[in-house]
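To start, the structure under review is shown below, and the notes come after it.
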Amino acid sequence: MFTPTVDHEKCIGCGECEEVCPVDVYEIQDEKAVPVNAEECLGCDSCVEVCEQGAITIEET
Ligand code: SF4
Ligand code: SF4
């Protein structure tokens, strides 16, 4: 199982992670990415790669 976490100090709400995620993990709320479907995460790391702010970490548990 993979757990995506967004550092809201770094996130600028650009929406790139929401666009790239194949399973719609993210939703932008109040200009921050929120992993609303975190349990769907496949651990593909696409969101980590696309986030220019380095705001996303994926932890395997
Ligand atoms: S790609 Fe990064 S900066 Fe952009 S909304 Fe997602 S977490 Fe925030
Ligand atoms: S690692 Fe892949 S599946 Fe998981 S949140 Fe990021 S883009 Fe979505």
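Quick notes on this one:
Listed here are the residues, each with its yes/no results for (1) within 11 Å of ligand 2 (Cβ to nearest atom); (2) surrounded by 13 or more Cβ atoms within 10 Å (Cβ to Cβ).
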site: Pro4; (1), (2): yes, yes
site: Asp7; (1), (2): no, yes
site: Glu19; (1), (2): yes, no
site: Val23; (1), (2): yes, no
site: Leu42; (1), (2): yes, no
site: Val50; (1), (2): yes, yes
site: Ala55; (1), (2): no, yes
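- The set of residues in the range 1-54 that are touching a residue at least 40 places away in the same chain (Cβ under 8 Å), at positive phi and near ligand 1 (Cβ under 10 Å from one of its atoms) contains only Gly54.
- For Asn37: the one exception among (1) crowded, with 16+ Cβ neighbours inside 10 Å; (2) near ligand 2 (Cβ under 10 Å from one of its atoms): (1)
A short reminder: the numbers here are calculations on the coordinates, not readings from a lab. This structure is a prediction, so every number in the text was calculated from the model and none was measured. Cβ coordinates were reconstructed from backbone atoms using ideal geometry, including for glycine residues, and neighbour counts include every protein chain displayed.
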